[in-house]
Every structure is written in C-alpha cells, then in structure tokens.
Amino acid sequence: MAVQSTTAAVKWGDFTPNATEYGQRPPYSPVVLQILAQLVTKSFGSVRLAELGAGTGNLLRSFGNLDVHGFAVEPNAAMKAVAHDLAPNESRFDWVTGTAEDSGLADACANWVLLGNAYQFVDPPRMFREAHRILEQDAFLTIIWNVRDFERDTLQQNIEQMVKREVGALKRTGSSVEEIMEAMDTGELFTHHCYVEARHEQRFSPERFLDTWKAGHDVPSQVSEEKWQEIIEKTARMIPREELVCTFWRTRAWTLRRAQRLRFSVSSSERTQVLQQPIDLSRAIPPVLPELRYGLMRVAANLSVDVHLADRLRRNRPGGSLEDREAAAGWMMRRLAVRPSTDRVIVANGTQSILGLLLLHCVGSNGILLSEALTYPVLVPLARRHGLAVLPVEIDDCGLVPDALDRACQIPGVKALFCNPTVHNPTTSVLPLDRRQAIVGIARQHGIVIIEDDVLGSLHGPHPPPLAAIGPDVVWYIQSLSKCIALGLKIAFLVGPDARQTAALVDPVSNHSFWFPSGIAAEMATGLITSGRAEAIREEIETYARSRLEVAHGILKGVAIRSAPGGLHIWIPLGPGRLAAEVSSAARQVGAIVRGSDMFTVPSARDSHGIHQALRVAITTPENEHEFAVGLEQLRPLLVQ
C-alpha cells in the first residue's frame with residue numbers, strides 16, 4: 001500500500017477528487033474476461049457477478065455485450081455518478097452502496113465476485129470473508145489487474161522513469177502486483193483455481209491518455225499537490241501531439257474458488273499423508289489467520305516510519321507506558337463494562353509474570369492459595385517456587401462450588417483464591433451469575449482476595465460479567481492477549497482493586513525488569529488495539545473456533561463433549577474405570593497428542609472435589625482442516641469404547 005505524505009495531493013482511498021479522470025482509464029482485456037465468463041457459465045449455466053469496489057464501472061463496461069448481470073458495489077457517490085454518466089442505459093447491474101468488507105448483499109447471491117484494480121484498497125481478511133459469504137458453494141473470486149505494459153510501451157516507460165526521478169522513493173502498485181498476490185492469504189476460504197493473462201492495445205486521444213495518468217492514485221497519495229501538478233505538466237509535454245496515441249496494457253487475473261469450510265471426514269490418502277507426524281491437539285493456542293498477518297504487517301509498517309520509536313524503546317517501561325495502559329483499559333472495557341482508570345492498569349510480559357507478583361503480594365511465603373480442583377497447570381509449580389501451598393476447592397459441571405469455597409476460606413492461612421470462571425481451563429465451564437455473586441460475597445466475608453484469570457473471556461463475550469465487574473474491590477483481574485491475539489506477543493494486562501493497591505504491588509519491583517513488557521511487543525499490542533485490528537483479529541479467532549467446534553461435534557458425534565463459546569479446547573469426560581493417562585497414551589500411539597485431566601489436577605485433590613478422568617482436546621492448534629479432522633478421527637475409536 002502506498003504511504004501517504006502528510007501533505008499529499010490526495011488522501012489514500014479517496015477517489016472523489018479524480019472520479020472523472022478515473023472513468024477514462026482503459027478497458028480490461030476482452031480476451032481475459034471472455035475466458036473467465038465462460039468458466040463461470042460452464043459451472044453455473046449463467047453469470048451472476050458482484051464487483052466489489054466497482055468505481056466508475058470500468059471493469060463492468062469492459063464486458064461489452066457478454067451475457068452477464070449482477071451487482072456493482074461501490075461506496076463513493078462521485079464514482080457512481082461518473083459510472084452512470086458513462087453508461088446511462090446499462091441495466092444489467094444493480095448499483096449498491098457498500099464496501100468490499102461489508103457489501104450489503106445477500107448470502108449466496110453471486111457465482112462470481114470480482115475486484116478490479118481494488119485489492120490494494122481493501123482489508124483482505126474481511127474482504128475474503130465477505131466474498132465467501134455472498135458466493136455460492138464452489139463459486140469463483142477473481143482479483144484482476146489492468147496495468148501498463150512497460151515492456152512494450154516506450155512512451156509510458158519514459159513517463160514512469162520521469163515520475164520516479166521526480167519523486168525518488170516511490171511505491172507503485174502496478175509494479176508490485178506479483179508481490180501483492182504472492183502474499184495473499186485467504187485463510188482457507190478459497191483455493192487457487194487458475195491464472196489468465198493477456199496483453200492488449202488501446203488508442204487514446206492525447207487528452208484521454210493524460211487522464212489515465214491523472215487517474216493514478218498511488219503517486220498523488222505520496223506527493224504534495226504542487227509536486228503532483230508538476231508531474232502532470234511534464235507528462236503532458238511528453239505526450240505526442242497525434243490524433244491517437246497507441247498504448248499497451250496487461251490484464252492479469254488470479255481466480256480462486258470458494259472452499260467449503262467444514263469437513264467431517266477425510267479420505268484415506270489424506271489420513272496417510274497427515275499422520276506422517278503426530279497431530280498436536282494438546283496446546284490450546286490461537287490460529288494464525290489473515291487478520292493477524294495483516295494487522296501485524298500494518299502496525300509494523302507504521303512503526304517502521306515512526307521517527308520517535310527509537311526514543312520510546314530507549315528505556316524500559318515498567319507496567320507499560322501511559323499509551324499502553326490506555327489501550328489496555330479500552331480493550332478490557334468490553335468485558336468489564338466500564339473503562340478502568342489507567343492508575344489501576346498494569347501491562348506485563350505475560351500472565352505468569354503477573355501471577356508471580358500477585359502470589360508474593362497477596363499471599364506471601366508460607367501462605368495458602370485456593371484454586372479450583374482442576375486448574376492452570378503452571379499455577380502449582382509457580383506457587384511452590386514462591387513458598388506457597390495450593391489447596392483445591394470443589395468444582396462441579398458449573399464450576400466452582402460456593403459452599404465448598406466458604407468452608408475452605410475458614411482454613412487458617414488462606415489469603416487468596418485463584419480462579420478461571422469463564423471458559424474454565426480445562427473443563428470449559430462458565431460459572432453462572434448467581435455463583436459469581438456468591439463467590440465475591442464469600443471473599444468479602446472472609447477478607448481474602450480473588451485473582452481472576454479471564455484469558456478466554458474476550459472470546460466468550462460480555463456475559464456473564466467477570467468477577468471483577470461484580471466485586472472490583474476484592475478482585476485482581478488478569479486478561480492476556482495469548483488466546484485472543486497471539487501467544488508469542490507475550491502481553492498481559494492486570495487491573496487492580498484501586499490505584500493505591502496497584503501501586504503497592506508494582507512500586508517495590510519497579511526496578512526488577514523480569515516482569516516488564518518488551519517495548520516492541522507493547523508497541524505492537526497498543527498499535528493493534530488502537531487501530532481496531534485487535535478487535536478484528538479477536539472476531540476472526542472467535543469465528544474460527546466456532547467452526548472448529550462444529551467440526552469436532554460432527555466427527556465425535558455420540559461422544560460426550562463439553563464446550564463453551566470462545567473456547568479453544570473441548571473437555572471429554574471418560575467412562576467409569578477408564579484412566580486419562582492410559583487413554584492419552586493410546587492416543588499418542590495412533591498419532592494424536594492430547595492432555596489428560598491429571599495434568600490439571602491440584603495434587604491434594606480427591607474425587608470428592610469433583611475430579612473426573614477426562615481429556616482436554618485443543619481444537620485450534622492444527623494448522624489446517626485436514627490435520628484437525630484426521631486427529632479427531634484417530635481419537636474417536638478410543639472415546640467410544
């Protein structure tokens with residue numbers, strides 16, 4: 001994408017100033033369009049297309065008399081007005097106000113979606129999802145470019161060289177099409193189908209030829225108005241004063257086919273290929289999807305031209321900078337319903353670092369920490385490292401049992417409760433609202449604090465509210481980006497009960513850098529949040545996890561599965577007399593790695609604490625649908641015995 005100058009002649013993505021000139025751009029190759037129209041017709045009998053970012057209708061007019069009809073989606077009123085003026089009697093296409101990411105069209109309303117010279121202006125992950133939605137099954141998406149053929153066109157080559165001399169460092173879309181398309185990631189929504197290319201010749205009057213250069217967008221978005229006018233004047237002087245100017249163009253079209261996302265079975269050949277390596281269903285980590293790739297690239301690109309970045313990275317940032325904490329507060333507001341003040345917010349390099357601080361501060365050496373009988377596997381060894389004991393509290397299918405917590409709080413030395421009430425790890429239980437209210441009341445009654453781990457809360461939704469929203473005075477609230485963005489970002493947020501207690505936590509360790517966030521990681525996280533990319537990533541992961549869960553229920557039909565919205569794993573209780581360790585070992589022998597309930601069990605927990613033999617199966621770790629489906633099919637026979 002072009003980098004816009006602060007005094008650019010045009011704003012990137014705004015076509016209003018040169019809509020008239022844009023309507024004078026050359027048509028696309030009729031050879032390419034005829035080939036692709038025949039492809040669609042052969043599959044569906046007729047063409048119902050939807051062009052996203054239709055602009056002035058240049059691509060649609062290029063179809064000539066071909067039997068095609070459908071929709072033209074365009075957000076810019078000036079561009080649509082030019083399209084109407086240039087083809088006032090065109091009735092094959094319904095013009096719709098919308099964008100490539102939100103077209104406003106109905107589901108499965110088209111069998112061919114096109115983007116003509118528009119891919120660089122869209123949000124690719126959202127566009128691919130929208131195209132997938134409005135296309136029929138097995139329908140086509142074509143990303144098509146109509147660029148100058150500098151190899152054959154000496155005049156345009158000379159003009160281009162002049163432009164580069166005038167501007168210097170210049171990023172050109174037309175010359176980087178190959179790079180753009182190679183980086184394309186459809187998130188398994190589409191598969192590559194074919195590539196078609198054709199060169200074509202167009203003859204223009206000198207005035208219209210100049211308009212094709214005036215219609216350019218990437219150059220004026222990188223230079224000042226004065227420089228852009230200077231370039232246009234020099235271009236005009238280079239155009240031969242002939243009745244018609246011969247120009248050469250190159251139409252390049254990448255066509256993809258809509259993929260079916262959910263598959264409940266795999267072929268024997270697919271299984272053999274996938275099982276060459278064990279399939280990891282043990283680590284509940286978020287997938288790498290297009291929104292993440294795109295968001296990281298956008299934020300990194302912005303940081304790369306930020307002249308103040310080096311200054312911000314010169315020193316550590318204990319607890320995060322003010323900008324980091326403001327971004328964190330805004331991010332957590334979705335769950336907490338209110339925006340916490342920044343003097344209550346801490347940014348750290350992960351949940352474990354925050355837990356280390358809290359265990360010493362809230363419990364102290366030789367103190368007792370309570371937790372659900374099944375809990376985060378790192379909690380017990382981390383507590384032991386700090387000289388703490390962890391005692392289990394009974395759970396049931398709904399989560400923590402309030403009466404059991406009340407009894408445990410009467411044990412001498414109990415100082416705090418660690419709990420994971422929303423999409424519990426590992427059981428996926430979501431604690432009901434009445435129990436949340438009861439647990440906060442019990443904590444107040446006994447004078448203990450609650451350490452709430454809400455790592456999957458942002459994927460689950462706002463209800464029921466976190467404990468921190470019910471009893472902020474007794475809750476230390478942790479939310480990490482490890483599940484909803486990326487594990488390797490290593491950024492987690494903490495909200496303290498009030499500013500005084502938060503300062504008391506961090507002031508004694510303000511020069512102990514083990515818990516500080518990495519400056520560059522904090523910059524990335526803050527950039528993702530403030531730009532809105534983090535929310536787009538979160539939404540895509542939530543949707544992806546939901547589709548994976550549907551696959552799991554399809555393949556494991558008849559198996560008792562516990563799950564919850566926003567979960568990246570499922571919980572599978574085993575039958576009487578079966579041991580999780582034995583079943584997980586058998587699963588590894590057939591090529592599937594899962595985790596048994598023993599890994600999550602607090603050592604002193606007994607059957608009376610609600611412990612049952614079960615498996616935790618991660619649903620988002622496998623990188624593709626085939627691998628995931630094969631892993632579940634290998635696991636299924638062990639679960640139905």
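The values are calculated or read from the model by the stated rules, or taken from the named source; none is laboratory data. In this text the structure is predicted, and so the values were computed from the model without any measurement. Here Cβ is always computed from backbone atoms with ideal geometry, including for glycine, and neighbour counts include all displayed protein chains. The area values use the complete protein model at the heavy-atom level, side chains included, leaving out ligands, DNA and RNA. Shrake-Rupley method; radii C 1.70, N 1.55, O 1.52, S 1.80 Å.
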C-alpha long axis of helix 533-555 to longest principal axis of the chain, angle in °: 70
Label corresponding to Rg and Dmax of the Cα atoms in Å when calculated from the structure given, among (i) 29.4, 98; (ii) 49.6, 169; (iii) 42.6, 148: (i)
Phe15 - accessible surface, heavy atoms, 1.4 Å probe, Å² rounded to 10: 30
Cα lying deepest toward the dipole's positive end in segment 530-641, options Pro565, Leu549, Ala586, charges on Cβ: Ala586
Of Val219, Trp254, Ala504, farthest towards positive along the dipole that unit charges on Lys, Arg, Asp, Glu beta carbons give the chain: Ala504
Prolate/oblate/rounded label for segment 311-403 (Cα gyration tensor, a/c 1.5): oblate
Check: segment 48-91 dipole with +1 on Lys, Arg Cβ and -1 on Asp, Glu Cβ, in debye: 40
Degrees between helix 225-238 axis and first principal axis of the chain (Cα, 0 to 90, nearest 10): 40
Accessible-area order (highest first, 1.4 angstrom probe) of the listed residues Thr97, Thr526, Thr16: Thr97, Thr16, Thr526
Exposure ranking of Lys234, Lys42 by accessible area [1.4 Å probe, largest first]: Lys42, Lys234
Distance between segment 231-246 and segment 363-377 - C-alpha centres, whole angstrom: 78
Area accessible to solvent at Glu233, 1.4 Å probe radius, in Å²: 100
Relative packing of peptides 83-95, 410-422, 276-288 - highest average C-beta neighbours within 10 Å first: 410-422, 276-288, 83-95
Test item: Cα-centred dipole of the chain, Lys/Arg +1 and Asp/Glu -1 on Cβ, debye: 1080
Listed residues Ala300, Ser321, Val288: farthest to the positive end of the dipole of segment 281-355 (Cβ charges): Val288
Shape parameters for segment 1-136, alpha-carbon atoms, Rg then Dmax in Å: 15.0, 51
Nearest-ten-degree value, helix 625-639 long axis tilted from longest Cα axis of the chain: 30
Globularity index of segment 587-641, i.e. its alpha-carbon radius of gyration over 2.2 N^0.38 Å: 1.35
Asp498 accessible area, assembled protein chains, probe 1.4 Å, Å²: 50
Mean ellipticity per residue at 222 nm, deg cm²/dmol - from DSSP H runs of n ≥ 4 across the chain, formula -39500 (n - 2.57): -11000 deg cm²/dmol
Distance-filtered residues of segment 501-535 - backbone nitrogen under 18 Å, label point 7 angstrom along Ala310 Cα→Cβ: 519-520
Candidate residues Cys398, Cys484: accessible-area rank, largest first, probe 1.4 Å: Cys398, Cys484
